[in-house]
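Asker: Can you keep this structure in mind? I'll have questions shortly.
The values are calculated or read from the model by the stated rules, or taken from the named source; none is laboratory data. A quick note: this is a predicted structure, and the numbers were derived from the prediction, not measured. Cβ sites come from the backbone with ideal geometry, for glycine too, and all protein chains shown count toward neighbours. For accessibility, only protein heavy atoms count, side chains too; no ligands or nucleic acids. Shrake-Rupley method; radii C 1.70, N 1.55, O 1.52, S 1.80 Å.
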Amino acid sequence: MKARLIDGLSYFCTMNRILPSFSEKDTILFIDDECLLCNQLVSFILKFEKNHQLQFASLQKVKNYSFFQNLNQSTVVIWHKGKFFTKSDAVLICVDFLKIYFFWLKLFYFLPKPIRDLLYDLIARNRYKIFGKTSSCILESTPLKERVVNFEKD
């Protein structure tokens, strides 16, 4: 069994496929593909990223894995250096992939995690009201297809 960490809790991979398989070298951002704010986050990353290492995946497409069933669809998740990060930590890890002039966003790390996550939860809970929903996900766009990770359940 391999242990995976998310918010300090261990989840174990067993034969019932709690997690899809991917490498510890991968960095994958999982987003709600119906959320316009999430789609705009991906667009922003694509426009200002310093290299093309970040991959993307839809939370809706992995919800059949029991690991992801425990997560709220409003939670941004990133798999980075062999660990899962959620909420404000996931968003701040995305900053590592942006061009140098966005380094100032790292200042949000100085806010205590409970405060950052409280702000994240407030925005996430109201994201459809504020930003709306979309019927066409950015992850389905042709130029992005090679960077989208599709997980097939065994």
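Asker: For segment 103-116, check the following and say yes or no: at least one residue is within 22 Å of LYS129 (Cβ to Cβ), among the basic types (Lys, Arg), open to solvent by less than 40 Å² (accessible area, probe 1.4 Å) and out of contact with any Cys (no Cβ under 8 Å at 6 or more places or on another chain).
Answerer: Within segment 103-116, one or more residues are within 22 Å of LYS129 (Cβ to Cβ), among the basic types (Lys, Arg), open to solvent by less than 40 Å² (accessible area, probe 1.4 Å) and out of contact with any Cys (no Cβ under 8 Å at 6 or more places or on another chain).
Asker: Now for a different question. Quick one: PHE85 ticks every box in (1) closer than 23 Å to PRO143 by Cβ; (2) surrounded by 15 or more Cβ atoms within 10 Å (Cβ to Cβ); (3) not polar (S, T, N, Q) bar one, so which box is it?
Answerer: So PHE85 meets the others, but not (1).
Asker: Only residues that are in contact (Cβ under 8 Å) with a residue 12 or more places away in the chain and open to solvent by less than 90 Å² (accessible area, probe 1.4 Å): list them for segment 136-154, please.
Answerer: Across segment 136-154, the qualifying residues are CYS137, ILE138, LEU139, LEU144, ARG147, VAL148, VAL149, PHE151.
Asker: Within segment 60-103, track down each residue that is assigned to a helix (DSSP H, G or I) and among the acidic types (Asp, Glu).
Answerer: If the condition is that a residue be assigned to a helix (DSSP H, G or I) and among the acidic types (Asp, Glu), then ASP89 is the only one that fits.
Asker: Quick one: LYS133 ticks every box in (1) surrounded by 19 or more Cβ atoms within 10 Å (Cβ to Cβ); (2) within 13 Å of CYS35 (Cβ to Cβ) except a single one, so which number is it?
Answerer: (1)
Asker: Kindly evaluate SER10 against the criterion of being open to solvent by 50 Å² or more (accessible area, probe 1.4 Å), at pLDDT below 65 and either of a type in the set (Ser, Thr, Tyr) or closer than 30 Å to ILE130 by Cα (or both).
Answerer: yes
Asker: Check segment 93-102 and report whether any residue there is buried (at least 20 other Cβ atoms within 10 Å of the Cβ) and free of Cβ contacts under 8 Å to residues at least 40 places away in the same chain.
Answerer: The answer is no, given that none of the residues of segment 93-102 is buried (at least 20 other Cβ atoms within 10 Å of the Cβ) and free of Cβ contacts under 8 Å to residues at least 40 places away in the same chain.
Asker: Residue check, TYR128 against (1) within 15 Å of ASP32 (Cα to Cα); (2) open to solvent by less than 60 Å² (accessible area, probe 1.4 Å); (3) assigned to a helix (DSSP H, G or I); (4) not hydrophobic (A, V, I, L, M, F, W, C), all met but one. Which one?
Answerer: Among (1) within 15 Å of ASP32 (Cα to Cα); (2) open to solvent by less than 60 Å² (accessible area, probe 1.4 Å); (3) assigned to a helix (DSSP H, G or I); (4) not hydrophobic (A, V, I, L, M, F, W, C), TYR128 violates only (2).
Asker: Being out of contact with any helix residue (DSSP H, G or I) (no Cβ under 8 Å at 6 or more places or on another chain) and open to solvent by 50 Å² or more (accessible area, probe 1.4 Å) is the filter here; which residues of segment 52-71 pass it?
Answerer: Answer for segment 52-71, where residues must be out of contact with any helix residue (DSSP H, G or I) (no Cβ under 8 Å at 6 or more places or on another chain) and open to solvent by 50 Å² or more (accessible area, probe 1.4 Å): GLN53, LYS61, ASN64, GLN69, ASN70.
Asker: Would you confirm, using the coordinates I've provided, whether LYS106 is of a type in the set (D, E, K, R), assigned to a helix (DSSP H, G or I), over 12 Å from LEU29 (Cβ atoms) and at pLDDT below 90?
Answerer: yes
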